[in-house]
Amino acid sequence: MGVEERRQQLIGVALDLFSRRSPDEVSIDEIASAAGISRPLVYHYFPGKLSLYEAALQRASDDLAARFVEPHQGPLGARLLRVMGRYFDFVDEHGPGFSALMRGGPAVTAGGACSMSTASTTNALVDSVRQAAYVQILSHLDVTEPPARLELVVRSWISLAESTALLWLDGRRIPRAELEAQLVHDFAALLAVSAAYDEEMGALLRRVLADEPADGPFGDLVGRLIALAG
């Protein structure tokens with residue numbers, strides 16, 4: 001393999017191992033064995049497990065951010081539902097790694113000392129994922145300069161998706177498909193509450209709902225609320 005190809009292979013192997021167990025539980029020998037190379041060769045490409053862990057987190061964050069990219073075709077509710085499906089695919093496949101990323105990373109040690117740089121790197125990666133998601137949602141709403149209330153709605157929803165996924169990982173007690181649909185409903189509900197206080201948000205909500213079919217996610221929410229009120 002070429003240098004970059006081997007580096008990418010090692011990052012992929014490390015990401016798989018770190019996604020299933022804490023980095024402190026994964027040894028360089030195990031990474032080397034899984035990659036089919038010797039321990040010294042791992043060090044040829046990375047100075048230590050810490051740098052390999054940070055590279056794996058970078059790939060994970062890039063992958064997670066890409067889950068929010070969706071063609072601007074069809075109703076918004078259906079688009080968000082597809083986004084949530086891909087988001088939870090990632091969470092399902094990389095449970096411990098997702099938890100580590102969103103909770104600031106575990107205490108990765110190097111030479112017996114906790115690495116503060118890892119925590120800083122992890123925080124920066126999480127912020128980059130949140131910002132990428134924020135930009136994508138705004139683009140689906142066709143808004144370039146969001147008012148303060150819209151920014152609050154979108155960023156609150158992104159945080160809600162994160163916390164919902166983390167809670168779901170703790171036992172998976174609620175069917176995943178239900179949570180994906182509920183999060184899409186949550187987005188509509190947050191928009192609706194904000195629209196009750198602000199005419200600009202009201203106009204945005206009416207524009208979004210005008211393109212929603214009765215059998216789509218947003219229409220489903222309206223039907224459930226009407227049934228509940230009755």
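Exactly one of (1) out of contact with any helix residue (DSSP H, G or I) (no Cβ under 8 Å at 6 or more places or on another chain); (2) open to solvent by 70 Å² or more (accessible area, probe 1.4 Å); (3) farther than 30 Å from L190 by Cβ is unmet by S51. Its number?
Failing condition for S51: (2).
Would you point out the residue of region 10-40, among those that are closer than 24 Å to L166 by Cβ and basic (K, R), that is farthest from the chain's Cα centre (by Cα)?
Among those residues, the one meeting the criterion is R21.
Condition check: of a type outside the set (D, E, K, R), under 27 Å from L179 (Cα atoms) and modelled with pLDDT under 90. Does P106 satisfy that?
It is true that P106 is of a type outside the set (D, E, K, R), under 27 Å from L179 (Cα atoms) and modelled with pLDDT under 90.
Looking at L17, is it part of a helix (DSSP H, G or I) and over 19 Å from D92 (Cα atoms)?
no
Please go through region 213-230 and give me each residue that is touching a residue at least 24 places away in the same chain (Cβ under 8 Å) and over 24 Å from G74 (Cα atoms), ordered by number.
Selection gives nothing.
If you check S61 against the conditions, is it among the hydroxyl-bearing types (S, T, Y), open to solvent by less than 70 Å² (accessible area, probe 1.4 Å), part of a helix (DSSP H, G or I) and under 24 Å from I158 (Cα atoms)?
yes
Listed residues R206, R172; which is more than 22 Å from A133 (Cβ to Cβ), open to solvent by 30 Å² or more (accessible area, probe 1.4 Å), within 21 Å of the chain's Cα centre (by Cα) and not acidic (D, E)?
R172
Could you tell me which of the residues R82, R21, R67 is closer than 23 Å to A124 by Cα, open to solvent by 40 Å² or more (accessible area, probe 1.4 Å) and either of a type in the set (D, E, K, R) or at pLDDT 90 or above (or both)?
Sole residue among the options that is closer than 23 Å to A124 by Cα, open to solvent by 40 Å² or more (accessible area, probe 1.4 Å) and either of a type in the set (D, E, K, R) or at pLDDT 90 or above (or both): R21.
Results for (1) modelled with pLDDT under 95; (2) among the aliphatic types (A, V, I, L, M), shown as yes or no for each residue.
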site: L152; (1), (2): no, yes
site: R176; (1), (2): no, no
site: H185; (1), (2): no, no
site: G223; (1), (2): yes, no
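Given the residues L141, L160, which is the only one that is open to solvent by less than 30 Å² (accessible area, probe 1.4 Å) and under 25 Å from V69 (Cα atoms)?
L141
Quick one: count up the residues across region 144-157 that are open to solvent by 60 Å² or more (accessible area, probe 1.4 Å) and outside any loop (DSSP other than H, G, I, E, B).
Summing the residues that are open to solvent by 60 Å² or more (accessible area, probe 1.4 Å) and outside any loop (DSSP other than H, G, I, E, B) in region 144-157 gives 5.
Looking only at region 19-75, how many residues end up being aromatic (F, W, Y), more than 17 Å from R103 (Cα to Cα) and in contact (Cβ under 8 Å) with a residue 60 or more places away in the chain?
1
The values are calculated or read from the model by the stated rules, or taken from the named source; none is laboratory data. Predicted model only: the values in this text are computed from it and were never measured. Virtual Cβ from ideal backbone geometry, glycine too; neighbours counted across all protein chains shown. Surface areas here come from the heavy atoms of the whole protein model, side chains and all, with no ligands, DNA or RNA. Shrake-Rupley method; radii C 1.70, N 1.55, O 1.52, S 1.80 Å.
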